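As C-alpha cells, the structure follows; a few thoughts come after it.
Throughout, read-outs are computed from the coordinates displayed, never taken from laboratory work. No experiment lies behind these values; they were computed from the predicted model shown. Cβ placement follows ideal geometry from the backbone for every residue including glycine, while neighbour counts extend to all protein chains displayed.
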Amino acid sequence: MTRPRRDPRAERAAFLVAPGEGARPRLDRTSRRDGGGRPRRDPRRERDGQRVPGTLRPRYDLSQVALSRVARIEAGPVHEALPRAVQAPVPKVVVLDAPAFLVLVVPDAAGGRLSTHDRQVLGAARLLAGREGGVALLALGPCEGSGPAGADRLVRLDDPDGHDPESYDPAGRAARVAAAIGELRPRHVLFPESPDGGDLARRVAVRLRQPLFSDVEAVAAASLARPARGRRVEQRAAPGLLATLSSDAVADYAGPPREAREIAGPAEAPVGKDSSKGTAILSATTIPADPATVPLGLASFVTAAGSGVTDLATFRQVVAALHATPGASRVLCDAGLMPRASQVGASGTVLAATCYVALGISGAPQHLQGVAGCEHVVAVNTDLHAAMIERAGLAIVQDAQAVMPALLRLLAQEAGRPGEAP
Ligand SMILES: Cc1cc2nc3c(=O)[nH]c(=O)nc-3n(C[C@H](O)[C@H](O)[C@H](O)COP(=O)(O)OP(=O)(O)OC[C@H]3O[C@@H](n4cnc5c(N)ncnc54)[C@H](O)[C@@H]3O)c2cc1C
C-alpha cells in the first residue's frame, strides 16, 4: 500500500502570509473559507462588553443577570430600582390530582405567615407523603406561601363565631382541628413542637384518644425517631396518626412549588363546651411588644448599623419608622455609639428574627453567627463583595447615608405623610 509523502515545509508555508509581506504566521483564521461549523469566540470583544463603555471599569450591575438577587439603587427613590432585581424564571407548579392519602400539617402560622419551624414540618410531611401521598395544610386563619413550602392542599377553617385567629382559644382550636381530622381522614397529622403547636397537639390527642409521638427529630417514610432519657436513648416508631416535630430537626421542602389547591374543611366548627366559653379562661388578648424595648434575642425585626453608618440620627429615625428593634455591630458598641445590649453576634446577642436589615456592616464571621437563624436578611453596603451581601436575600449596593433618607421618604409616602420625610 502506498501513501502520499507529507511535506512539512509546504504545510508550514501554507500557514504563513505571502512572502512579500514577511514570513508572519497567518493568525486571522476567521477568513478561512472551509468553515469550522461553530462560530469562533472573540475573547477580547467579550471582555470589552463586560466593561462600562468608555471606561476601564467592569460592569458590576448584576441586576441584568436573570437570577441575580442584587438590587443596585441608583440615585432616586428606592421603589424605582427594586423591581429590576426580581426577574427569576417562574418554576413549574407540581399538581397532584388524586393523592393516595393525606398528611395533614397544622402550623402555628402566627400573623398569617409560616414560620421556619412550620416549613420544616411541611418538609417532614413531604417525606411521609412520598410520591403517592399529598400534603394538606390546615390553616386556622390566613396563611401565605403554603404552595412553595410544599403543600398540595390548603384547608381553611372558617370561624363561624368570627373569632380573631390570633385570639387565645386553645380548646376551641383543638375542637376545630379534631373535627377537620375526622372529616379529612389523613394518614398522619404533624404539628410543630412549639409552645402553641405542642399544646394544640396534646389537646387534639386527648380529644381523639390517640397516642401522640412528640419531639420527633428524624423522619423517614417508615419510621419516626426521637431522643429519650436525656438523649441517651433513641426511640423509633412507625408513623402513627399524631406527631410533633422538634425545630431544626428536618430540612424544609426545597423542591418546585406545589399547587396548594384550596379544599373545603369541616362544614361546622363545634361550639359550646368545646370553645373557651364556659372554661376558666374568660378573655385573653395578645399584647404586642414594643419593638424599641423588646430584648434583641426575642425581636422579630431588627435593623442594625455598622461602621459604614455615620449618620446615626437618621439611622434611629429609620429604626422607628420601620417599627424595628435597633442592633449594631461590635465596632459601634466598642466606640460607645450604640449600647452594648444592641450588639449582634457571637459575643453579643444571637438573633431569632424573621427579618434583619444590616446597614454598613461587613459581615465578619463573629457577626454572621448572630444572624444565622434570621429568615430574611437585607444588606446595604457600598462593597459588592462584602460577606453580608453574600448572606443577604436582598442587597442594596449603595451608600447607607443615601439609602436611609430614601427609605424614610418611601415609608412616609406609604403612610400618606410625604411632608414628614427628610
Ligand atoms: C473574639 C471576637 C468576637 C467578636 N464578636 C463580635 C460580635 O459579636 N459582633 C460583631 O459585630 N463583631 C464582633 N467582632 C468583631 C468583628 O470581627 C468585626 O470587626 C466587626 O463585626 C466589624 O464591624 P463592621 O462590619 O461594622 O465594620 P467594618 O468591618 O469596618 O465594615 C464596615 C462595612 O461598611 C461598609 N461601608 C463603608 N462605608 C459605607 C457606606 N457609606 N454605606 C454603606 N456601607 C458602607 C464597608 O464596605 C464594610 O463592609 C468580634 C471579634 C472578635 C475578635
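Measuring nothing but alpha carbons in the stretch 286-422 and taking Rh as the Kirkwood radius, the Rg to Rh ratio lands at 0.95. Counted over all Cα-Cα pairs of the stretch 351-393, pairs farther apart than 16 Å make up 23 percent. Other residues lying with their Cβ under 10 Å from the Cβ of SER115 contribute a combined charge of -1, Lys and Arg counting +1, Asp and Glu -1. Across the stretch 296-420, the mean sequence separation of Cα contacts (distance under 8 Å, 6 or more residues apart), normalised by length, yields a relative contact order of 24 percent. Residue ranges 3-10, 114-121, 249-256, 349-356 sort as 114-121, 349-356, 249-256, 3-10 when ordered by packing (mean number of other C-beta atoms within 10 Å per residue, highest first).
Of all beta bridges that DSSP places with both ends in the stretch 102-274, some 25 percent have antiparallel geometry. Counting only Cβ charges, +1 for Lys and Arg and -1 for Asp and Glu, the dipole size of the stretch 296-420 around its Cα centre is about 220 debye. Kirkwood analysis of the stretch 102-274, using all unique Cα-Cα pairs, places the hydrodynamic radius at 15.9 Å.
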